[in-house]
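The values are calculated or read from the model by the stated rules, or taken from the named source; none is laboratory data. Since the structure is predicted, the reported quantities are computational estimates derived from the model, not experimental observations. Reconstructed Cβ throughout: ideal geometry from the backbone, glycine too, with neighbour counts over all protein chains shown.
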Ligand SMILES: CC(=O)SCCNC(=O)CCNC(=O)[C@H](O)C(C)(C)COP(=O)(O)OP(=O)(O)OC[C@H]1O[C@@H](n2cnc3c(N)ncnc32)[C@H](O)[C@@H]1OP(=O)(O)O
């Protein structure tokens, strides 16, 4: 019996900033961002959007486009590192929003008996959700699960992460009828606890707090949506973990040089060119090339063979990322959508082709696994129009971007938006303080 992805949908935030506008204001050579890292546009949420609305949009679209009966879904596992609450899962907000819209057709609380939870491990949390959901359908082949990856990748203004920001969601229907991709049951895993990128409870000393009232305790804890990170160290951790997980994948699958059979290599892409920049090490190891000195590493990256290999196996996976930016948990799945949509648009036949995945989450863990494109893949992809939909977003200027980032804008940029949006956050009622309420406009 085969298991894997039956259908997939996505949502990208409705606003974007041209990367060259950011480069100009920050005094960065635009060529570094465009030609060095592959960045063109940075997707950004409007005032009413967050990880829960992204997820709700992707879930509703999946259900509507593929005519899914919500009561047939036993589990919705949501991978995110942009949780809106440290106890109440983002998935619970998501199903509440979608239930309201589906109420007319399916009655109240259509997810009443659905097992819903968030999974968090930085950018690999949705791969974990996929892994768990596949295990679930393997044990219960008559049941279906939905995986949602949803995040807003926000970094401190003027930091080295700023130009890699982005966001959005991807939803996947997981079942024993994998019309898009059949996923095999070999998982290479590598884990090490490190501090390359994390979102701690931040501690502020009293003297650091401007105008802090006398009543403040000596230390206060504040949750923040911007990570503490060391960019070059996180690159190193990513490279180390995928090398270890790839090696483990070889051991558990018994496959020799598996990457050579992969039509596409799908990476977690914190920025578009990351996969092709880090894979040089595994490529060198597999091909007996020296990879010790920076000169040797450059020479692999610049070799004709490697450039040809990238053009064949990675370039198409990068295209959506260049237009959106980092989507944290959703990036790896958006890279899959990007490659499949491009092949579809170019009338390429992919049925039977093998695809390899190299996931990474800071903190840190990598998972490597593979799948085979199904006979029906084109029917699934025909619903996406990914690159056309990216053209429907609204461009904003740098000043608006900075205000949105600082949360200094009260009203949505697109005031006549359609779809899900945050309506209010309760600030007064002490037993509901912080509760978030959403609406839907059609
Ligand atoms: C969250 C995770 O997934 S962990 C893994 C990634 N980490 C992150 O995403 C953390 C947040 N991001 C960051 O800290 C940073 O944006 C990083 C680490 C990703 C990138 O760091 P930077 O210092 O901006 O870039 P870096 O120096 O590594 O690379 C710039 C590239 O542009 C190239 N470049 C620079 N100037 C130019 C130019 N004018 N024209 C063309 N290319 C240029 C450089 O040669 C280099 O490419 P190469 O090494 O392939 O030759």
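A few notes on this one:
- Selection from the stretch 159-172 of residues that are outside any helix (DSSP H, G or I) and in contact with a helix residue (DSSP H, G or I) (Cβ under 6 Å, 6 or more places away or on another chain): 160, 166, 168, 169, 170, 171
- Test: residue in the stretch 289-298 that is within 13 Å of the ligand (Cβ to nearest atom), more than 26 Å from residue 387 (Cα to Cα) and in contact with a helix residue (DSSP H, G or I) (Cβ under 7 Å, 6 or more places away or on another chain): yes
- Meets criteria (closer than 23 Å to residue 199 by Cβ, assigned to a helix (DSSP H, G or I), without any contact (Cβ under 8 Å) to a residue 60 or more places away in the chain and in contact with a strand residue (DSSP E or B) (Cβ under 7 Å, 6 or more places away or on another chain)) for residue 91: yes
- If you check 78, 39, 84 for being in contact (Cβ under 8 Å) with a residue 24 or more places away in the chain and in a strand (DSSP E or B), only one passes: 78.
Yes or no, residue by residue, for (1) buried (at least 24 other Cβ atoms within 10 Å of the Cβ); (2) more than 24 Å from residue 274 (Cα to Cα); (3) out of contact with any strand residue (DSSP E or B) (no Cβ under 7 Å at 6 or more places or on another chain):
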{"residue": "103", "(1), (2), (3)": "no, yes, yes"}
{"residue": "143", "(1), (2), (3)": "no, yes, no"}
{"residue": "148", "(1), (2), (3)": "yes, no, no"}
{"residue": "155", "(1), (2), (3)": "no, no, yes"}
{"residue": "184", "(1), (2), (3)": "no, yes, no"}
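- Test result for residue 253, farther than 18 Å from residue 161 by Cα and either near the ligand (Cβ under 9 Å from one of its atoms) or touching a helix residue (DSSP H, G or I) at 6+ places or on another chain (Cβ under 9 Å) (or both): no
- All conditions but one from (1) touching a residue at least 60 places away in the same chain (Cβ under 8 Å); (2) more than 19 Å from residue 55 (Cβ to Cβ); (3) surrounded by 12 or more Cβ atoms within 10 Å (Cβ to Cβ) apply to residue 436; the one that does not is (2).
- Within the stretch 364-375, the only residue that satisfies the criterion of being surrounded by 15 or more Cβ atoms within 10 Å (Cβ to Cβ), more than 16 Å from the ligand (Cβ to nearest atom) and assigned to a loop (DSSP other than H, G, I, E, B) is 374.
- Residue 39 vs. criteria touching a helix residue (DSSP H, G or I) at 6+ places or on another chain (Cβ under 7 Å), farther than 30 Å from residue 135 by Cα and surrounded by 23 or more Cβ atoms within 10 Å (Cβ to Cβ): yes
- Residues of the stretch 272-288 satisfying the condition of being more than 8 Å from the ligand (Cβ to nearest atom) and touching a residue at least 12 places away in the same chain (Cβ under 8 Å): 272, 275, 276, 278, 279, 280, 281, 282, 283, 284, 285, 286
- When the helices (runs of 4 or more DSSP H) confined to the stretch 221-338 are screened for residues that are touching a strand residue (DSSP E or B) at 6+ places or on another chain (Cβ under 8 Å), surrounded by fewer than 19 Cβ atoms within 10 Å (Cβ to Cβ) and modelled with pLDDT of 95 or more, those reaching at least 2 such residues are found at 231-253.
- Residue in the stretch 51-62 that is surrounded by 24 or more Cβ atoms within 10 Å (Cβ to Cβ), touching a helix residue (DSSP H, G or I) at 6+ places or on another chain (Cβ under 9 Å), touching a residue at least 60 places away in the same chain (Cβ under 8 Å) and outside any helix (DSSP H, G or I) present: no
- So residue 48, is it surrounded by fewer than 17 Cβ atoms within 10 Å (Cβ to Cβ) and assigned to a loop (DSSP other than H, G, I, E, B): no
- Qualifying positions in the stretch 119-166 - within 16 Å of the ligand (Cβ to nearest atom) and closer than 13 Å to residue 5 by Cβ: 126, 127, 149
- Among the residues here, residue 23 qualifies as assigned to a helix (DSSP H, G or I) and buried (at least 17 other Cβ atoms within 10 Å of the Cβ).
- The set of residues from the stretch 256-271 being more than 11 Å from the ligand (Cβ to nearest atom) and either closer than 29 Å to residue 160 by Cβ or in contact (Cβ under 8 Å) with a residue 40 or more places away in the chain (or both) comprises 258, 259, 261, 262, 263, 264, 265, 266.
- Selection within the stretch 110-137 - assigned to a loop (DSSP other than H, G, I, E, B), surrounded by 15 or more Cβ atoms within 10 Å (Cβ to Cβ) and without any contact (Cβ under 8 Å) to a residue 60 or more places away in the chain: 110, 111, 114, 120
- Enumeration of residues in the stretch 339-363 that are surrounded by 24 or more Cβ atoms within 10 Å (Cβ to Cβ), farther than 17 Å from residue 276 by Cα and within 15 Å of the ligand (Cβ to nearest atom): 361, 362
- Unmet criterion (only one of (1) in a strand (DSSP E or B); (2) touching a helix residue (DSSP H, G or I) at 6+ places or on another chain (Cβ under 6 Å); (3) farther than 21 Å from residue 123 by Cα) for residue 16: (2)
- Evaluating residue 423 against the criteria (1) at pLDDT 95 or above; (2) in contact with a helix residue (DSSP H, G or I) (Cβ under 7 Å, 6 or more places away or on another chain); (3) surrounded by fewer than 16 Cβ atoms within 10 Å (Cβ to Cβ); (4) not in a helix (DSSP H, G or I) leaves one unmet condition, (2).
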